[in-house]
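Some notes on the structure that comes next.
The values are calculated or read from the model by the stated rules, or taken from the named source; none is laboratory data. Keep in mind that this is a model prediction, so the values were computed, not measured. Heads up, the Cβs are rebuilt from the backbone with ideal geometry, glycines too, and the neighbour counts pull from every protein chain shown.
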Amino acid sequence: MTMMIEAEGLSKTFRIARRRPGLLGSMRSIVDPEVRTVAAVQDLMLQVQQGEMIGLVGPNGAGKSTTIKMLTGILMPSAGRLRVAGLLPVRQRRELASRIGVVFGQRTQLWWDLPLRDSLQLLRHLYRVPEQRHQQNLNHLRKMLDLDEFIDTPVRQLSLGQRMRGDLVAALLHEPELLYLDEPTIGLDVVAKARIREFLLSLNAERGTTVLITTHDMDDIETLCPRMLIIDHGRKLYDGTVDTIRERFGGQRTLVAVLEAGETAVLSMLPRDESGLPILSELPSGVSVQKLDGPRLELRFGRATMPAHELVAWLGARHRLHDVTFKEPEIEDVIRRIYEENLLLTDNSIAV
Ligand SMILES: Nc1ncnc2c1ncn2[C@@H]1O[C@H](COP(=O)(O)OP(=O)(O)OP(=O)(O)O)[C@@H](O)[C@H]1O
């Protein structure tokens, strides 16, 4: 397997001059600047193989953009070793540019006043793609992303979703092996998001393109990325699968039982706790009543407390059940918990 990204001890520190308040303060800052350092990325170790789809998540200011900028060769690392597609990003930036594609959800690399078709043609010259190869790629991509209805429209008149499809084609016309996407679905509606995700999955399957995505949308990660990287304060907190995160830190699951019609009356006779919820006798420890809404009863229980089937059996022995489903914790909530409680840093068994 070819390694697309290899980073070891990768770090970036910014030095920021702080202005003192007031006129005198400003003058003093010029003569005697007060410098503060920000460790944007610290000691990052990362190996990404060709064909992987990997999500990079973290709260604002975590160091995601700085990492991407170092990977593209825009920023010089302060320390560490880095190779992307076998190249040294800063030193071999031109060569690297022909091997990677970049899409920023909040910015466009298309020419605002030109029709999309012309923008794509200009990029052909910029990347020096032979005409025939360009046409082949364009034909293929415009079919995959359904560009025909707006390819002759000036970019500034495109909807956000259309523009994003145009930007994706622009980033892929020179057939990069590695694609960086920064918030590719930001601001898009559900349908447009689904379309972009579907496209990325087929691109990865057809061409084996390696994809690195930074996003705040956990659905992007769940749909696209078997592997995710969580960073905070420039440090890697986690590198692994979404499922492992959910299993390990999304401790609480919910059993949603819809009871047979007659059971609602039985439940309504039970004594209530201070929140008005029914008190079920002999409720196994670690299980709590979360909600009762007509025939729908929700029980919260810990993954480690008891196996799901045992809880269903316990409830089924006491009440006639019509239907049973489980609610898994939202990955969004799990990640928030990890940020807030700094969970992985205090538990090295999972941080790698
Ligand atoms: N050019 C710069 N000069 C000084 N500090 C910087 C610079 N770029 C980033 N930083 C600082 O580095 C840290 C990491 O920023 P970065 O933009 O990489 O975070 P991010 O994870 O991409 O955040 P967001 O989700 O908000 O885009 C922040 O504290 C930021 O203020």
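At-a-glance table
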| quantity | calculated |
| --- | --- |
| Options Leu224, Leu277; residue that is more than 16 Å from the ligand (Cβ to nearest atom) and closer than 30 Å to Gly9 by Cα | Leu224 |
| Residue ID - surrounded by the most Cβ atoms within 10 Å (Cβ to Cβ), chosen from residues in region 110-144 that are hydrophobic (A, V, I, L, M, F, W, C) and farther than 21 Å from Leu96 by Cα | Leu116 |
| Residues of region 93-138 satisfying the condition of being assigned by TED's automatic domain parsing to the domain that holds Thr215 and more than 22 Å from Gly51 (Cα to Cα) | Arg94 |
| Residue match in region 235-251 (condition: over 22 Å from Lys64 (Cα atoms), of a type in the set (Phe, Trp, Tyr), at pLDDT below 85 and away from the ligand (no atom under 16 Å from the Cβ)) | yes |
| Every residue from region 104-144 that is under 13 Å from Ala171 (Cα atoms) and not in a helix (DSSP H, G or I) | Phe104, Gly105, Arg107, Thr108, Gln109, Leu110, Tyr127, Val129 |
| Of residues in region 51-97 being at pLDDT below 95 and out of contact with any strand residue (DSSP E or B) (no Cβ under 9 Å at 6 or more places or on another chain), the one farthest from the ligand (Cβ to nearest atom) | Arg94 |
| Residues being charged (D, E, K, R), within 16 Å of the ligand (Cβ to nearest atom) and surrounded by 12 or more Cβ atoms within 10 Å (Cβ to Cβ) - total across region 1-35 | 3 |
| Count of residues meeting criterion [of a type in the set (Ser, Thr, Tyr) and without any contact (Cβ under 8 Å) to a residue 24 or more places away in the chain] in region 223-267 | 1 |
| Test: residue in region 36-48 that is out of contact with any Lys or Arg (no Cβ under 9 Å at 6 or more places or on another chain), away from the ligand (no atom under 16 Å from the Cβ) and touching a residue at least 40 places away in the same chain (Cβ under 8 Å) | yes |
